[in-house]
Every structure is written in C-alpha cells, then in structure tokens.
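Quick notes on the structure that follows.
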Amino acid sequence: MKVVISGKGGSGKSTILALFARQYANQGKRVLVIDTDESNTGLNQQLGMDTPPDLMKYFGGKKKVTDKIMSSLSDHSSVNFFQNNTSTSNIPFEYITENGRIKLVSIGKIHSFGEGCACPMGVLARQFLSGLHLQKDEIVLTDTEAGIEHFGRGIEEGADLIIMILDPSYESVLLADKVADMTEIRTPLYYILNKTDLALGSRLRERITHPEKIIGEIPHIPAIISAGLDGRVIDIDLPEIEQIIDHLSELKIGS
C-alpha cells in the first residue's frame, strides 16, 4: 500500500507518519518513507536515522532536472526519470538511510536563497510514487509539504490512500473541506484528528463537513511534543495508531 500523509503546517503530519512507520515495522512490514517536503529537515530525526542525500542529485541535480522538464515541454515530448514498475530494491543505495525495517528517501530540499521553485521536486515525486511497484509486506509512506500545493502537482495520483492530519484549528477544517471537494481526486481520502482532548475532538468533529472520513484520533501527548522539540526519535507505541492500521487493513485499501 502507498499512503500519502498531508495536512496544514503544524498539524503533526510528519510525527504521525513516524508513528505509522514504527507501528508497521513492528508488525514485520518493510517501510519506505518518501520525503517530498522540500522545506522540512527534521523527518529523519523523528525516524532515528541520518539525512539521506537528495535523490534529485542522482539525475544531475535540480538544474539538469529542470532543463529536461522544460525541454520536454518545448518539443511536446515526455520525460520519465524512472523506469516503469521501479521496485524499492532498485533505488540507489547511496540515496537511502535506514533504521531497522524503515528506509528513508528524500526527493529534494531547498538549500539556498533564490534557487527557484520546487516544481522539479514535484515532478520527480509524482513519477517516483506512480512507478513504484511494491512487493508483499511493503508499505510506502509519503510526507508532503504543508498545505495543498502537492495536490496541484498530482503527487497523489500514484497513491492508494490519502490521510489528512487535522489539528483543532479553523484552518484544518477549511483545508479538509477544500480537499474533499476536489472531485478530480480519485484516491480514497480519510482524516486523522490530532492533538485533541475530549472537548476539542468533539468540537472538531462537529465542524468537519465529512465526519465519516475520520478513521482515528490522537490525543495531545506531551512526550511526543517533547521529543519533537528536542529533535529525538519518535519511539512511542500508540494503541490509537495500531487501531487505525487495523481499520485500514479491514478496508483492504491497496490490496
């Protein structure tokens, strides 16, 4: 199964992804995390591993990738940076870091002032996820940048499932409704409520237009907040995450 994790900035999407990765690994799955967030630099720490080099460097760097994309647009040709049905074993090992059953690949980051837009990262991310062929017991978790720009890039086209992380904020409610109204999205969409208590969780459910999409709720947990502040690995096992994974298994998404 290929899962895309999305949400507004600060909703906790990267933290939830790390918790998912840990739980899937504990269940014996092989987990590939794809980092498509060009600005967030802390996901590797949450997973307990080093920062991998940008996968974009494998294709010559951002300028060469951009040039190839622009050239294909000008002569109305197509450019595909990945072979069809690329497997996780075909990813160049020097662009992967790992911790046990969890592997991390980073599409690319913004490294310097004035280097231009992140559009080439979006093209690579979409093609990589779409062409990735999984073996038995493999799970892909994709971390996206904050907001909805990645929907405009079509990254979700290659996914089996979209999970939006919603914190108790008006912005999260608006974002959830906006994405749910994007009729072009054919991928199943679900919500996880995060950083709530009994009262906030209830109020958030009342304000969401499609509460039937909620598949779980994660309470405010100080230990997780503290680990994030310190840049430490998220090594906490939550029964709520296990329950969500069991529910997804029952839905047979991606099978």
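The values are calculated or read from the model by the stated rules, or taken from the named source; none is laboratory data. Everything quoted here is computed from the prediction, not taken from an experiment. Positions of Cβ are generated from backbone atoms using ideal geometry, with glycine treated the same way; all protein chains shown enter the neighbour counts.
Could we say that residue 156 is modelled with pLDDT under 90, touching a Gly at 6+ places or on another chain (Cβ under 9 Å), surrounded by 15 or more Cβ atoms within 10 Å (Cβ to Cβ) and not aromatic (Phe, Trp, Tyr) here?
Working: modelled with pLDDT under 90: yes; touching a Gly at 6+ places or on another chain (Cβ under 9 Å): no; surrounded by 15 or more Cβ atoms within 10 Å (Cβ to Cβ): yes; not aromatic (Phe, Trp, Tyr): yes.
Judged against the criteria, residue 156 is not a match.
Considering (1) in contact with a helix residue (DSSP H, G or I) (Cβ under 7 Å, 6 or more places away or on another chain); (2) buried (at least 24 other Cβ atoms within 10 Å of the Cβ), say which one residue 43 fails and leave the rest.
(2)
Quick check on segment 180-207: of everything there that is surrounded by 19 or more Cβ atoms within 10 Å (Cβ to Cβ) and hydrophobic (A, V, I, L, M, F, W, C), which residue is nearest to residue 125 (Cα to Cα)?
Looking at the filtered set, the residue picked out is 189.
Could you run through segment 199-245 and say how many residues are assigned to a helix (DSSP H, G or I) and not charged (D, E, K, R)?
Residues flagged as assigned to a helix (DSSP H, G or I) and not charged (D, E, K, R) within segment 199-245 amount to 19.
Which one of the conditions (1) in a loop (DSSP other than H, G, I, E, B); (2) touching a Gly at 6+ places or on another chain (Cβ under 8 Å) does residue 145 fail to meet, given that it meets all the rest?
(2)
Look through 237, 197 and report the one residue that is farther than 17 Å from residue 173 by Cα and among the charged types (D, E, K, R).
Matching residue, one of 237, 197: 237.
On the given criteria, is residue 33 touching a helix residue (DSSP H, G or I) at 6+ places or on another chain (Cβ under 7 Å), surrounded by 21 or more Cβ atoms within 10 Å (Cβ to Cβ) and not polar (S, T, N, Q)?
Values: touching a helix residue (DSSP H, G or I) at 6+ places or on another chain (Cβ under 7 Å): yes; surrounded by 21 or more Cβ atoms within 10 Å (Cβ to Cβ): yes; not polar (S, T, N, Q): yes.
Taking the combined requirement at face value, the residue satisfies it.
Could you tell me which of the residues 132, 124, 55, 141 is closer than 19 Å to residue 18 by Cβ and touching a helix residue (DSSP H, G or I) at 6+ places or on another chain (Cβ under 9 Å)?
Of the residues listed, the single one that is closer than 19 Å to residue 18 by Cβ and touching a helix residue (DSSP H, G or I) at 6+ places or on another chain (Cβ under 9 Å) is 141.
Restricting the first residue to segment 50-61 and requiring it to be at pLDDT 90 or above, which pairs with a second residue that is surrounded by 15 or more Cβ atoms within 10 Å (Cβ to Cβ) and polar (S, T, N, Q) meet a Cβ separation below 6 Å and a spacing of at least six or different chains?
Listed by first residue and then by second, the contacts come to 50/97; 51/44; 52/97; 52/106; 54/106.
Can you tell me how many residues within segment 186-198 are assigned to a loop (DSSP other than H, G, I, E, B) and either more than 16 Å from the chain's Cα centre (by Cα) or of a type in the set (D, E, K, R) (or both)?
2
Here is a yes/no grid of residues against (1) under 23 Å from residue 244 (Cα atoms); (2) within 12 Å of the chain's Cα centre (by Cα); (3) outside any loop (DSSP other than H, G, I, E, B); (4) among the acidic types (Asp, Glu):
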residue: 5; (1), (2), (3), (4): yes, yes, yes, no
residue: 11; (1), (2), (3), (4): yes, no, no, no
residue: 24; (1), (2), (3), (4): yes, no, yes, no
residue: 34; (1), (2), (3), (4): yes, yes, yes, no
residue: 41; (1), (2), (3), (4): no, no, no, no
residue: 45; (1), (2), (3), (4): no, no, yes, no
residue: 52; (1), (2), (3), (4): no, no, no, no
residue: 56; (1), (2), (3), (4): no, no, yes, no
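For residues that are at pLDDT below 90, in contact with a Leu (Cβ under 9 Å, 6 or more places away or on another chain) and crowded, with 19+ Cβ neighbours inside 10 Å, tally how many sit in segment 126-153.
Residues that pass the stated criteria total 2.
Residues are listed down the side, and each one gets a yes or a no for (1) among the hydrophobic types (A, V, I, L, M, F, W, C); (2) out of contact with any strand residue (DSSP E or B) (no Cβ under 9 Å at 6 or more places or on another chain):
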| site | (1), (2) |
| --- | --- |
| 43 | yes, no |
| 48 | no, no |
| 54 | no, no |
| 61 | no, no |
| 75 | no, yes |
| 80 | no, yes |
| 87 | no, no |
| 99 | no, yes |
| 107 | yes, no |
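Please enumerate the residues belonging to segment 5-42 that are of a type outside the set (D, E, K, R) and in contact with a Leu (Cβ under 7 Å, 6 or more places away or on another chain). Can you show your working first?
As a first pass, look at segment 5-42 and keep what is of a type outside the set (D, E, K, R): 5-7, 9-12, 14-21, 23-28, 31-34, 36, 39-42.
Of everything in segment 5-42, those that are of a type outside the set (D, E, K, R) and in contact with a Leu (Cβ under 7 Å, 6 or more places away or on another chain) turn out to be 5, 7, 11, 14, 17, 18, 19, 20, 21, 31, 33, 34.
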